Every structure is written in structure tokens, then in C-alpha cells.
1. Lysines near Lys137 by alpha-carbon distance under 25 Å, same-chain residues fewer than 8 away left out - which ones?
2. May I ask you to derive the relative contact order of the chain, considering only C-alpha pairs under 8 Å and at least 6 residues apart, and to give it as an integer percent?
3. Under a 5 Å amide H to amide H cut-off, with H placed in plane at 1.01 Å, what residues pair with Ala235 once short-range neighbours are removed?
4. Calculate, in nm to one decimal, what Ile430 and Gln272 gain on full extension: separation in residues at 0.36 nm each, minus their alpha carbon distance.
5. Using a simple spin-label model with points 7 Å from Cα along the Cα→Cβ vector, what separation in nm is obtained for Ile476 and Leu366?
6. Rounding to the nearest 10 and keeping the result within 0 to 90°, find how far the Cα-based axis of helix 101-138 lies from the longest principal axis of the chain.
7. Round to the nearest 10 and give me the degree value, 0 to 90, for the angle of helix 238-268's Cα axis relative to the longest principal axis of the chain.
8. So if we plug the beta-carbon distance of Val183 and Asp419 into 1/(1 + (r/R0)^6) with R0 = 56 Å, what FRET efficiency do we get, rounded to 0.05?
Amino acid sequence: MSTPTAQDPAAQAAPHDPGLSRRTLGVPAITLMIIAASAPLTVVAGGVTTSFAVTESLGVPLGFLLIAVILTVFAVGYTAMGRFITNAGAFYAYIAQGIGRPLGVGASLVALVSYNAMQVGIYGLFGFQLSMFLEAKFGFASPWWAWILLCIVIVGVLGVNRVDLSAKVLGVLVGLEFLVVIVFDIISLTVAPEGVSTATLAPSALFGPALGLILVFGVAAFMGFEGAAIYGEEAKDPKRTVPRATYAAVAIIGVFYAFSAWAFSVGIGPSQIVPASQEFGPDLMFVFMTDRAGVLLADIMTLLFLTSLFASLQSFHNAVARYFYSLGREGVLPAWFARTSRAGAPWAGSVAQTVIALVVVLGFILAGEVFGGAAALGDSAFLYPVLTMFTWLTNTGAAGLVLLMAVIAVAVIGFFRRDRRGLGVWTTVIAPAVSGLALLWVFVMILQNFPLMLGQEQPDATTFVLPGMIIAAAVIGIVWALVLRSSRPETYRRIGHGTEPGAYGTVLVDVPGEA
């Protein structure tokens, strides 16, 4: 056990910084930011059709429910641990206190790589979709990257403002997403060319040879659900707000996706949903709505598809900014990253994420436009930002986050090993063990099917380099923690412990006789 005794060098470097805003976010706000990260309309339009197309299975709707069950069991120990740890670094702090500081720092870098990969990857799809929409509707041809650069600026501006401003913007966008998907579901159930069939809800459709693939492609739809803990320091009542938001988000996402995937299959017809998904891909929803509800509603859905992507971009940006803040506050990264505005926004972390996004996007622009990367795709050259930025990076990010959740499950057991703090064995051992094994299995399945997820007929360099980034980040973080242990022991003792409201600006030292 440690106790605060001295002033933090990070705080001394920026004594005017107020830290993150306190008691700002309630359960609805955090829940909406979590759901925004998963991008509901994007999942239904893109994720559901991709799952049907690749797995060639009707078990996709039940797959969402199974993933929701696994993540709910995971949340039992995760949220219990959150009652005793409130840290904007979330995974980083949990693993540092549950397993050890070196693994905590390794986890922090994996989280930074994963969240940045998810966010920057989504930029690729956003720029492509907006460019295509404007050209189709107005004949205005524009480069995909121009809209990405503009969006980076807008996301960055929101990121350096009060978090409740981001929450309000995301809340409106998520509400509109849900509304338009519900309209789609109603129309699908009304059309029902083969009747309101329950073929895709049969357990035999899920528990077959394609089970692993269904989970691999479905789990990405939930990425971001674990993010409630990131906002713990800004929550009105972190001990209650974070668990409630986590459970609410996974329940809403799981049921909503399962129902919408089933309605999708009914609207197209269970016998046709797989071949139609293979033929049209993510455009299937919009083709269907154009035929059944008219061009206007289909165009509105396309616009909301774009705002869905924007909401997800903002949510992941906020997560990265808070990770940078937490690591800067505790001295793992330079103290500059702990800078906050008077409104309590982690502006330094936000700027850092904006710069990362800009640099990576510029790299893809140069690779595609200048060095011929797009031309190398032949007839698919126009899909360059989708086939590279979006596909490569979002799959890499999802793999990293699944791995982190599996490690968190172990951290929960380690954290409660000596003192269960009045909690039962289900919460402290059984639930994290079961969910950890399930998540580890999903991670292994992701690695085994990575070429398929990247759309590759044969593995190439990216098959190994992209997941290798996750492993490299973990190794670098562990090595850096060991360096800190020998060169800056006070900083090392602070790792994962600069947590509770009011603890900003403290150093933690070991207290004799305490664990």
C-alpha cells in the first residue's frame, strides 16, 4: 500500500493546471460516449453485412448477444475493481495495481497504440464515404484526404474544450443514429420477403464451425465499451456512475445490434442475406432503403452514417487524450502531457492525439498519392483509404483492446488476491477467470484470422507487422518501466497510483508493513 507524501514534479511543472474537470459527467453522458465509440449505424451497415458475408453463417445476431454476455461477465470484476481505482488511465492503472507496474506501463502503450489505431483508421472510412457522397449527389469530386484533414481540426477543437460539450454533441449524434436504425428495423420487419423468420436466431446457426469467425468479426462492434473507467475522474460519482454506464452500454449495444442484425436478415430474407451481403457489402442497407423507402431517407441515412463515424472519432480521441494526461501526471511520459485547460480538458493530450492523427494520415496520403500505393491496388485504387487505413488500423486496434481486456481479467484476480474487500468469489475470481479465458480465445482467433480480416488471399508483411505493433508497444513499455525503477524510483512508485480526485500532485511511497 502507498500513501501520498510529497509534491509531484508534474504538478510543479504546471502548478496552474486545475486537472481534469470534476463531477461533470453522469451515467447518461458516459453511456452515450461509450456507445458513440462503437458507432451503431456504422456497425449495422458495415459490421453486420461484413459478418454475414465473411462467415457465411446465419448466426450473426446471436453472436452479438454471446459477445455481450462475455463482456458483461468481464464487467463484473472490471467494475468492482473500479470502485477502488479511479484513474483516467483505466487499463494502465488497473494492470499496474493488479499485476505489476512494468506490465501496467506496457499496457498503457498498447492502449495508446490501439485507441490511436482505431481512431485514425476510422478517418480513412470517413474521408472516403464523404468524398463519394458529395460526388454522387452533387457531382463534386474531391480528394478523400481533404475531408479527413478538416475533420481532424474539428475533432481537435472539441477535444480541447469541456468534456460535457463533447458529450452533448455525441449525445445528439448517437440519438439520431438510433432513430434511423430503428426506422430501418421497422421497414425491414414490414417488408419481410420470407416472412418474419427466426432462422437467424436458432442456436444451431451460431454454435457451428463459424462460431470463432462470428466472434472475431463481432467483437470489434463493442470496442469502446470499456471506456467508462477513462472518465472516472470526471464522473459525478465514479463509484456508481462508471459501473452503471458500463453495464448500460454493453446491454444496450448487445441487444440493439442483435435485434438490428435479425431485422436486417428478415428484411433481405434469411436465404438471401449472405449472398446479398457478399454482393453489396456495407452498401446493402442503403440500397435496401433506396428501394423500399425512397432516395431521401436513404440520403439521410448516409449523412447519419457519416456523423456516426464522426462521433466514434471524437470518442476515441477523448480516450487517447486522457491516457496521455494520466501518463504525464505520473511521470511515465513528460509532464507536459498532464497540462489541462481552465475548463478541465486535457488539452496537451488532445493536441498530441491530433498531431499523431495528422502525421499518420499524411503518411498514408504520401504512400497512396505520391509513391503509387493506391495505383498498386489496380481496379480497387479508389478504395485505397478503406482497404489500407480503415482495414489495417481498426483491426489492429481491436486486437490490442481485446488483448488488454484479457489481461485486465488477470489483474482483477491479482488485485483482490490478498484482500477481497468484502466481495464474493464470483466477482473476484470466477467471473474474471471465465471472461479472461474467453477473451484470450477471441484474441487468438483474431491472430489466426488476421489475413482474412485484412482481406488478403495470402499473408504479407502487414499480416505480421500490424499485430507486431501491439507486442512491440508492450515490450517497450515494460522496458521503460524497468528503466524508471532503477533511474527514477519515486516516479516508478507512482505508476498507476495517481488516481483519486484530489490525488493530483502527489507522490506515492511505500508504507512499511502494508501490502
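Derivation of every value follows stated rules applied to the coordinates shown; laboratory data play no part. Please read all numbers here as calculations on a predicted model, not as lab measurements. Here the Cβ positions follow ideal geometry from the backbone for every residue, glycine too, while neighbour counts run over all protein chains shown.
1. By straight Cα distance, Lys137 reaches no lysines at all.
2. 36 percent
3. Under 5 Å from the amide H of Ala235: Arg23, Thr24, Leu25.
4. Difference between extended and current length: 52.7 nm.
5. 1.7 nm
6. Orientation of helix 101-138: about 30 degrees from the principal axis.
7. Approximately 10 degrees, to the nearest 10.
8. The formula returns an efficiency of 0.65 here.
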